[in-house]
Each structure stands twice: as C-alpha cells, then as structure tokens.
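Q: Before I ask anything, here is the structure I am working with.
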Amino acid sequence: MSENNLIAISGGIGGAKLCYGLDQILQPGQLRVIANTGDDFLYLGFYISPDIDTLIYTLAEVNNKETGWGREDETWKTHNVLGELGADNWFKLGDKDLALHLHRSKALRNGETLTSITQDIAERFKLKTVILPMSDHIIQTVVDTDEGSMPFQEYFVKESTNPKVREISFESKHPETTKEVLEAINDPGLTGFLIAPSNPYLSVDPILSIDKIKQTIMQSKKPRVAVSPIIGGNSVKGPTAKIMEEMGLEVSVMTIANHYENLIDGLIIDNADEEYIQAIESSGIKVKVSNILMHDNDDKTRLAEEAIEFLNELS
Ligand code: GDP
Ligand code: FO1
C-alpha cells in the first residue's frame, strides 16, 4: 500500500468506520479526510464539530463503540449538573469530550482557524491521517421539515430525526473551502478519491455544496469511488433510508449511484444488491460487489483494501 495517496470524503460515524480501515493500512500522511462541518454548531457557548471529533476519536481508538459518537470511558458529571441547573442538556457532552470543546473554542476565539486547531488536536491524539475541515467558515446544514425549518443538530438530536424531511439546504455567507483542501484535491501524486459510506444528503452533500470542491473532483482525472451507505434497501444506521423515503426517493443502491452520477467512476455495493449491477453499469459507473457491512475492525481494513484495489483498477 506504500504508493497510495488518498482523499476520503466523510461525515462522522459511518464514514469514520471506513477511514479507520484506511488509516490502519496506509502510511502516515497518505490519507487526507475532507470532513463535513455542516453539523457544527454553537452549544452552551462552545463550538462543537461532531464529525471532526468522531473521526479523531475513531482513528485514535478512544471512541464510544456503542453510540459511535463521543469518547469511551466517559463520565457525565457536567451533563448531569447542567440538568440540575435547568440549563440546556439535550445534546450530551461527556466530561472528557467537553475538554476538547473548551480547548478548541478558546483557540477559535483567539483567531485560529478550524483547520489549524483540528491539525493541532489530531497531532495531540497522534493521528497519522490528516483531517481537513471542508471549510473554515460556517456552512450550516438546514433541514426543512413538516415541523418547520431547523439547523441540523436540532433536527438530528433535539427532535430525534422525527420530523419529516422536505428539503435540505446549506446556508453560508462564505461557501468557500480552504487552501489545504484545494492543495490536497489538486495533488498530482494522488491515487484517487473515496466517498465514504456516510449519509449522502446530510454528510456528503454539505461538502459538495462548496462549488470549488465539487467542480475540482468532477474534473479530476484521478479515479473516484463511493462505498454505498445503503445495503439491501436499508441504511445500516441513522436516518438515511427514512430521509430518502420522505424525499420521495427509492431506498436502493441505484438511487445512490444516481445521486453521485458525474462524480464517481465506481461504486462498491453489497452482495445483497447484486441485482443492480447491470442498471448501475449502464449508467456509466463501474460496480464492485463485496461485503460492505463493517461489523469489526477486520471488516474495516478488508473493505479499505478492496476500495484501494478498485481505485487502482480504475486508474
Ligand atoms: P455519517 O453520515 O458518516 O456522519 O454517519 P451516520 O451514522 O449518520 O451514518 C451514515 C450512513 O453510514 C448511514 O446511511 C449508514 O447506512 C452508513 N453506514 C454505517 N455503517 C456502515 C457500514 O458498516 N457499511 C456501510 N456500507 N454503510 C454504513
Ligand atoms: N448524537 C445524539 O444522538 N445525541 C447526543 O446527545 C449527541 C451528542 C454528541 C456530542 C458530541 C459529538 O461529537 C457528537 C454527538 N452526537 C450526539 C452525534 C451527533 O452530533 C450526530 O451523530 C452527528 O452530527 C451525525 O453525523
């Protein structure tokens, strides 16, 4: 794997599973992850960046394996006292996790960029993968539902994804990426791009909403592969399938292929979805079929190896 240099496009929990597998088999610096920041928000005065933190905790092997977010061996003293004080505590911040939010929020108040403080935190956690926020500006995912329009975390956590989604948009005064992301996606030594199995609408689309990122990847001569987040007509976790239904989309790998049309050369689908091979390939996207459900770390590294092999076949 020594000659491979990859860019992964990722949200949090689902995407971080594949990034963990890639991180295990690549050399330091060979994986750069462009991370979704559309979920970021200010909570109790702190800047929270859930997908970046999920990626960092997962790669550093300190993540909570049950929830997928937050840290393992966490304590909840602050969260509980916030409840006693009648303060907001619908978004659960563990004590260890909170230290990261304190540290990052102070750095941002002092004028550091999200890119630089993320790099600093990643170094402290001894990561060999580079985590690149999609932007240093606020680009807020807004979910328009039958109960009104709301920022992502209100929809996802406060309302437990119960409202029916009508439309998803990305609000920003500066919908721009960073020089670090542009250098990474224009790197002549790049092997290719991998779109991780994250929620296409809530985690990948915010990244692609930045025109420069989408156009550069679309025009790139390097191979681009996505791993389907849909298996056998359902999502593995989270509201992807529910949202697809609410937006009138068929919950299938074909819809995923159509969603990434013009952006990917290959799609990795599960054995359960073999029946779609021909239809996807006739839309011009090459298909690789595998077991794409990542139960354990062996599954993550195996799928990562297969994804790299597929990229090399397509180059
Ligand atoms: P995020 O979108 O990456 O922030 O994380 P989510 O937890 O919201 O999950 C997003 C998507 O990841 C969902 O559509 C899941 O179906 C998908 N996902 C989670 N685990 C796996 C897995 O093991 N394999 C595949 N192929 N998809 C997964
Ligand atoms: N998700 C929840 O469903 N409930 C929570 O209380 C919660 C807290 C939380 C704290 C820190 C963090 O980094 C993530 C957290 N998440 C929580 C995850 C949540 O933000 C979403 O999973 C992601 O944004 C989706 O990508």
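The values are calculated or read from the model by the stated rules, or taken from the named source; none is laboratory data. Nothing here was measured: the structure is a model prediction, and the numbers come from that model. Note that we place each Cβ from the backbone using ideal geometry, even for glycine, and neighbour counts take in every protein chain shown. The protein model used for the area step is the full one, side chains on, heavy atoms only, and it has no ligands, DNA or RNA in it. Shrake-Rupley method; radii C 1.70, N 1.55, O 1.52, S 1.80 Å.
Q: So how do 128-141, 181-194, 20-33 stack up, highest first, on mean other-Cβ count within 10 Å?
A: 128-141, 20-33, 181-194
Q: Sticking with the crude label model, points 7 Å out along Cα→Cβ, report the distance from Thr78 to Gln215 in nm, one decimal please.
A: 4.1
Q: Another one. Taking H placed 1.01 Å from N in the peptide plane, check which residues at least 5 places from Arg166 or on another chain put their amide H under 5 Å from its amide H.
A: Amide H neighbours of Arg166, under 5 Å, 5+ apart: Asp144, Thr145, Asp146.
Q: Can you give the Kirkwood hydrodynamic radius for the stretch 68-225, in Å, rounded to one decimal and based on Cα pairs?
A: Numbers: mean 1/r = 0.0550 Å⁻¹.
That comes to 18.2 Å for the stretch 68-225.
Q: While we're looking at this one, here's another question. Quick one: which residues, 5+ away or cross-chain, put their amide H under 5 Å from the amide H of Tyr47? H built at 1.01 Å from N.
A: Ser105
Q: How many angstrom lie between the Cα centre of the stretch 279-313 and the Cα centre of the stretch 153-207?
A: 21
Q: Something else about it: By DSSP, what percent of the beta bridges with both residues in the chain are antiparallel, rounded to the nearest 5? The partial results should precede the final answer.
A: Values: 16 of 40 bridges.
Beta bridges within the chain, antiparallel portion: roughly 40 percent.
Q: What does the accessible area per residue of the stretch 1-46 come to in Å², with a 1.4 Å probe and no ligands, DNA or RNA counted? Don't skip to the answer; put the middle values down first.
A: Details: 1310 Å² over 46 residues.
Per residue, the stretch 1-46 has an accessible area of 28 Å².
Q: With charges only on Cβ, +1 for K and R and -1 for D and E, what is the dipole size of the chain about its Cα centre, in debye, rounded to 20? Could you put the intermediate results ahead of the total?
A: Details: 29 positive and 49 negative charges, 150 e Å.
That gives a dipole near 720 debye.
Q: Okay, next question. Once you compute Rg and the Kirkwood Rh from C-alpha atoms, what is the Rg to Rh ratio for the chain? Present the calculation step by step, with values, prior to reporting the outcome.
A: Numbers: Rg = 18.7 Å, Rh = 19.8 Å.
On the Cα set of the chain, Rg over Rh gives 0.95.
Q: I've got another one for you. When the Karplus curve 6.51 cos²θ - 1.76 cosθ + 1.60 is applied with θ = phi - 60°, which whole-Hz ³J(HN,Hα) does each residue of the stretch 75-87 get, with x for Gly and Pro?
A: Listing the rounded values in order: 10, 10, 4, 4, 4, 5, 5, 4, x, 4, 7, x, 7 Hz.
Q: So for the pair Leu182, Arg109, with labels modelled 7 Å out along Cα→Cβ, what separation do we get in nm?
A: It works out to 3.2 nm between the two label points.
Q: Then there's this: Spelling out what I want: for every residue of the stretch 200-216, take phi, set θ = phi - 60°, compute 6.51 cos²θ - 1.76 cosθ + 1.60 (Karplus), and round to whole Hz; glycine and proline get x.
A: x, 8, 9, 10, 8, 4, x, 5, 6, 5, 7, 3, 4, 5, 4, 5, 5
Q: Between Leu314 and Lys158, what is 0.36 nm times their sequence separation minus the Cα-Cα distance? Round to one decimal in nm. Before the final figure, lay out each step's value.
A: Values: separation 156, 0.36 × 156 = 56.16 nm, distance 4.26 nm.
Extra length from Leu314 to Lys158 when fully extended: 51.9 nm.
Q: On a straight-distance basis, which aspartates and glutamates could pair with Lys221 in a cross-link, Cα separation under 18 angstrom, same-chain partners fewer than 8 positions away excluded?
A: Excluding near neighbours in sequence, the set is Glu3, Glu183, Asp187, Asp211, Glu261, Asp265, Glu309, Glu313.
Q: Residue by residue, what Karplus-based ³J(HN,Hα) values in Hz, rounded to whole numbers, does the stretch 272-278 have, using 6.51, -1.76 and 1.60 with θ = phi - 60° and x for Gly and Pro?
A: 5, 10, 3, 4, 8, 3, 4
Q: I've got another one for you. I'd like to know how the stretch 1-47 sits against the 2.2 N^0.38 Å rule of thumb: what's its Cα Rg over that expected value?
A: Relative to the 2.2 N^0.38 Å estimate, the stretch 1-47 comes out at 1.43.
Q: Something else about it: Would you compute, from DSSP H runs of 4+ residues alone, the mean residue ellipticity of the chain at 222 nm, taking -39500 (n - 2.57) per run and dividing by the full residue count, rounded to the nearest 500? Don't jump to the answer; show the numbers that get you there.
A: Numbers: 12 runs with 114 residues, N = 315.
Rounded to the nearest 500, the figure is -10500 deg cm²/dmol.
Q: If you don't mind, another one. Under a 5 Å amide H to amide H cut-off, with H placed in plane at 1.01 Å, what residues pair with Ile231 once short-range neighbours are removed?
A: Answer set, sorted by chain and number: Val236.
Q: If I histogram all Cα-Cα distances within the stretch 197-290 using bins 10 Å wide from 0, what percent of pairs lands in each bin?
A: With a bin width of 10 Å, the distribution comes to 16, 50, 30, 3.
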